[in-house]
1. Does Thr43 qualify as being closer than 22 Å to Ala370 by Cβ, of a type in the set (S, T, N, Q), modelled with pLDDT of 95 or more and touching an Asp or Glu at 6+ places or on another chain (Cβ under 7 Å)?
2. Just to be sure I understand, how many residues within the stretch 84-98 are open to solvent by 40 Å² or more (accessible area, probe 1.4 Å) and in contact with an Asp or Glu (Cβ under 6 Å, 6 or more places away or on another chain)?
3. What number of residues within the stretch 7-60 satisfy the criterion of being part of a loop (DSSP other than H, G, I, E, B), within 28 Å of Ala195 (Cα to Cα) and open to solvent by less than 20 Å² (accessible area, probe 1.4 Å)?
4. Can you go through Gly285, Gly307, Gly255 and tell me which one is closer than 19 Å to Gln171 by Cα and of a type in the set (Gly, Ala, Ser)?
5. Given the conditions (1) open to solvent by 40 Å² or more (accessible area, probe 1.4 Å); (2) at negative phi; (3) at pLDDT 95 or above, and given that Gly139 satisfies all but one, which numbered condition is not satisfied?
6. Mind checking which pairs have a first residue in the stretch 374-395 that is under 14 Å from Val341 (Cβ atoms) and assigned to a strand (DSSP E or B) and a second that is open to solvent by less than 10 Å² (accessible area, probe 1.4 Å) and among the acidic types (Asp, Glu), Cβ under 7 Å, 6 or more apart or different chains?
7. Report yes if some residue within the stretch 223-230 is surrounded by 21 or more Cβ atoms within 10 Å (Cβ to Cβ) and free of Cβ contacts under 8 Å to residues at least 60 places away in the same chain; otherwise report no.
8. Across the stretch 263-286, which residue is farthest from Ala298 (Cα to Cα) among those that are under 21 Å from the mean Cα position of the chain (by Cα) and among the β-branched types (Val, Ile, Thr)?
Amino acid sequence: MSNRDVYIVDAVRTPIGKFGGALSSVRPDDLAAHVVRALVDRTPDLDPARVDDVYFGDANGAGEDNRDVARMAVLLAGLPTSVPGVTVNRLCGSGMEAVIQAARAIALGDASVAIAGGVESMSRAPWVLQKPERAFPAGHQQMYSTTLGWRMTNPRMPAEWTVALGEGAEQVADKHAIGREQQDAFALASHRKAAEAWAKGLYDGEVVPYPGVELVRDECIRDSTSPEALAKLKPSFRTDGGTVTAGNASPLNDGAAALLLVDEEGLRETGREPLARIRASAVTGIEPQLFGLGPVEAVRRALDKAGRDFADLTTFELNEAFAAQALGCLAEWPELDPAVVNPRGGAIAIGHPLGASGARITGAVAHQLAAAGSGTGLAALCIGVGQGLALVLER
């Protein structure tokens, strides 16, 4: 039995808020519920009870996003209680992993209609306290932030694996001789492309502002930044000779994104033309400290599965965790035309709410393919602890 075709009918996302910014007062389960509800409302011909499952990516899960945030989103969005939900975690790739798992279920005939997405509130990520080994400890206890990065690390992990994410980006910069000026130029281009895309209304069809919050555009885009302003920033991870700064790295963010996936039968029920079709995906592993290069092999494998190569790409959304990381990947894809990469800005400007980013960039590719009318698109992310994830779409 051959697999069914899987179509992306629609994709929405919130504006991406900055850490402690406009969306910091909104719980992550409410952010997730908002994009689920918006997605359903935009397809009025589809009975919400027809949704077979809801898949959501979430990288943290330690706070208000606990206890299966996908199911919480279903309930808070007012969908029928018969609609189930499952939460998946592949760290920075969680939102894309949700899309891939939903697409796999549809392709195999286990579902006809599914919602897939991701959510993260890095502002509201809690501090956690480990339980003491014995009751009533007399000494001080350590509290851990769950916002980002390694914590409560297993002592059996080799020290070279557990470096800070920014130090890992520095190692990628060393490996490919990517200097500070090149990284800052990449970051500046990200901001300029994002600002221009918003000014042209290119995001109007996919961004759904959160009710009661005065945020209609991604909050971290800096229209007025310049090479001079970026050059003034101090390195964040290496005090001596460092190149990675707050200006050429993605910020900490809050946001959510969701996509509606269907098979042929589900497509007829929506009464809509699909944005794109899912063609292939791939996941790979790499040494944890070199996580930034994780997409390199994943992208090649996904393209190979799809029977495509870099020359076929109409658009490519590569998540910009760090400029050094993105540039390192581009250096290993000499066949790729950099002009097709992140045409509407990337995560350095737009933001990187960990669990949501994979869904955001997948939706972005789908909307860009729909705007182009035809073509092949690719979305890919690096993933902390050393993985890469890639997804090929076609229209």
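1. Yes; evaluated as a whole, the condition is true for this residue.
2. Residues that pass the stated criteria total 3.
3. 8
4. Gly285
5. (3) is the only condition that Gly139 fails.
6. That search, which allows pairs on different chains as well, returns Ala379/Glu317.
7. The answer is yes; a qualifying residue exists.
8. Ile278
The values are calculated or read from the model by the stated rules, or taken from the named source; none is laboratory data. Note that the coordinates shown come from a computational prediction; the quantities given were computed from them, not determined experimentally. A quick note on method: Cβ atoms are made from the backbone with ideal geometry, for glycine too, and the neighbour counts reach across all protein chains shown. When the accessible area is computed, the model is the full protein with side chains, heavy atoms only, and any ligands, DNA or RNA have been set aside. Shrake-Rupley method; radii C 1.70, N 1.55, O 1.52, S 1.80 Å.
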